[in-house]
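The values are calculated or read from the model by the stated rules, or taken from the named source; none is laboratory data. Here the structure is a predicted model, which means the values were calculated and not measured. We place every Cβ from the backbone using ideal geometry, glycine too, and count neighbours over all the protein chains shown.
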Amino acid sequence: MKTSLQRRSFLRGTGTLLALPTLESISYRRVRAAENQSTPKPPKRMVWLGMGFGVTQETWFPNVEQTGTDYDLPLGLKPLSRHKEDIAVVQGCSNQFSNEAHWGSTFWLTGANRFSVPGQSMSNSISADQVAASQLGQETRFSSIQLNSTDESSSGHGPGLSLAWDQRGKPVSGFDDPVKVFHKLFSADDLPLEARQAAIAENRSVLDAVLTEAKRVQLGLTKTDKEKLGEYFQGIRDIETRLSKDESWLDIPKAKPPISEPGAGLKGKDEIEVMYKLIVAALQTDSTRVMTYRMPGQALLQSMGVTLSAHNVSHYSQGERMDASQARDKIHGELLAGLIDNLKATKEADGTSLFDHVTLAFGSNISSIHYLDNCPTLITGGGSNLKLGQHVVLPKDTPLCNVWLTMLQGSGIRADQHGDSTGVVSQLQA
């Protein structure tokens, strides 16, 4: 046996988790030395944090005359002052096909034309996070994790089950309870291994029966029906892919949680704070490398002591509504700054920080009220080749998907186009 044999790869190569016996030819110290010399480079991760109803236009966006690195943080971004060199604020982007101001989660990451298919009231496409998950999620237990708020109906998010949409434009479900997220990530499955294996086998047999029947009826169908059936087949293939992935992880224990279990019933600011900790924990343990979070609106205001509705706050004017809007912006800034602190403080195996390998976007599909242009967009994290520490003002109505495409490519994701993108944002490329 060669002394350069990696202990970890040997264990994984057996298909189980087994401890090596004590071998005279490989001492503990030499094994550890070999592991240290071959410490793998930390993987890339991507995160999107979406809020409904936008921001306070007058006090969140930097002065358009101050571009590049020499700009002043406005009131709404002041809480991020200590991270100014590690954020990029982008102005000028819009989702031109989104004509619903309060459908933020539906089109924010897709850039889709809701009328792109004749006869349908809404048509969507794959979201940027799922493009990333298709490549970054192959080696993790969860290809992606979608987080939601507990007050979905009053947060300005619109149709969908999360910020994520699959390659067929169908909604991807998410979790709206921090406790459930914690157990999904870190708690052992209750069912014995054999029972879980049997459940997957049963699901496969059902899929086989359905697929056989579907193939039988496809003869003689119209072109439209064949397209619908093709979409149906793709759905079956997606389920089969998920079953195969679940099966490959059946005998591998979940990671030990680096944080304690959250308390129950968290709302608003407390919910966001804990969800941010869960994002760091999930990335830190490599349980997933792609995450989205559809954040609360109404519950956040209530946790701040604001009695106005989130919708009315977005339709602000000078006075109580604008004060509430600005206070909400400040809370978001403080929470985001805390998340960045946590990412920077979390160390990787090679001594770098988790922040160094994450690309994170924060923003909304509207600026405020019903204005669909100039979507508030903030990028941070050292996980890509993006140029941070600057304020970028793009031509009016630049597709927001240009930013997503730039993020994807900068993180090593193979993508030539996304949504309605017309190219990458050269100002963001280092």
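Tabulated results
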read-out	value
Selected residue (criterion: surrounded by the most Cβ atoms within 10 Å (Cβ to Cβ)) from residues of the range 79-111 that are of a type in the set (Ser, Thr, Tyr) and assigned to a loop (DSSP other than H, G, I, E, B)	Thr110
Matching residues in the range 140-151 - criterion: being surrounded by fewer than 23 Cβ atoms within 10 Å (Cβ to Cβ) and either closer than 22 Å to Arg289 by Cβ or not assigned by TED's automatic domain parsing to the domain that holds Ile126 (or both)	Thr140, Arg141, Phe142, Ser143
All positions within the range 185-228 that are part of a helix (DSSP H, G or I) and touching a residue at least 40 places away in the same chain (Cβ under 8 Å)	Leu185, Phe186, Leu193, Arg196, Gln197, Ile200, Asn203
Residues of the range 397-430 classified as among the hydrophobic types (A, V, I, L, M, F, W, C) and part of a loop (DSSP other than H, G, I, E, B), total	5
Restricting the range 349-396 to residues that are part of a loop (DSSP other than H, G, I, E, B) and among the charged types (D, E, K, R), the residue that is surrounded by the fewest Cβ atoms within 10 Å (Cβ to Cβ)	Asp350
Cross-chain or 6+ apart pairs with Cβ under 6 Å, the range 49-61 first and under 14 Å from Leu73 (Cβ atoms) and among the hydroxyl-bearing types (Ser, Thr, Tyr), then modelled with pLDDT of 95 or more and assigned to a loop (DSSP other than H, G, I, E, B)	Thr59/Pro74
Matching entry among Ser173, Ser154 (being assigned by TED's automatic domain parsing to the domain that holds Glu100, touching a residue at least 24 places away in the same chain (Cβ under 8 Å) and more than 26 Å from Ala133 (Cβ to Cβ))	Ser154
Whichever residue in the range 122-161 is modelled with pLDDT under 95, among the hydroxyl-bearing types (Ser, Thr, Tyr) and assigned to a loop (DSSP other than H, G, I, E, B) and, among such residues, is farthest from the chain's Cα centre (by Cα)	Ser123
Number of positions in the range 337-386 that are within 23 Å of Gln427 (Cα to Cα) and acidic (Asp, Glu)	2
Hits in the range 295-310 (condition: among the hydrophobic types (A, V, I, L, M, F, W, C) and touching a residue at least 24 places away in the same chain (Cβ under 8 Å))	Met295, Ala299, Leu300, Leu301, Met304, Ala310
Lone qualifier among Ile331, Ile340 - being in contact with a His (Cβ under 8 Å, 6 or more places away or on another chain) and either part of a helix (DSSP H, G or I) or modelled with pLDDT of 95 or more (or both)	Ile340
Hey, Val313 buried (at least 24 other Cβ atoms within 10 Å of the Cβ), in contact (Cβ under 8 Å) with a residue 60 or more places away in the chain and farther than 23 Å from Ser144 by Cα or not	yes
Qualifying position, being modelled with pLDDT under 95, charged (D, E, K, R) and in contact with a helix residue (DSSP H, G or I) (Cβ under 9 Å, 6 or more places away or on another chain), among Lys256, Lys228, Lys223, Lys215	Lys215
The one condition in (1) touching a strand residue (DSSP E or B) at 6+ places or on another chain (Cβ under 8 Å); (2) modelled with pLDDT under 75 that Thr110 fails to fulfil	(2)
Qualifying residue in the range 273-286 (condition: among the small types (Gly, Ala, Ser), touching a strand residue (DSSP E or B) at 6+ places or on another chain (Cβ under 7 Å) and touching a residue at least 40 places away in the same chain (Cβ under 8 Å))	yes
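Results for (1) surrounded by 18 or more Cβ atoms within 10 Å (Cβ to Cβ); (2) β-branched (Val, Ile, Thr), shown as yes or no for each residue.
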position: Val179; (1), (2): no, yes
position: Asp190; (1), (2): no, no
position: Ser205; (1), (2): no, no
position: Lys215; (1), (2): no, no
position: Leu243; (1), (2): no, no
position: Asp251; (1), (2): no, no
position: Leu266; (1), (2): yes, no
position: Tyr276; (1), (2): yes, no
position: Met291; (1), (2): yes, no
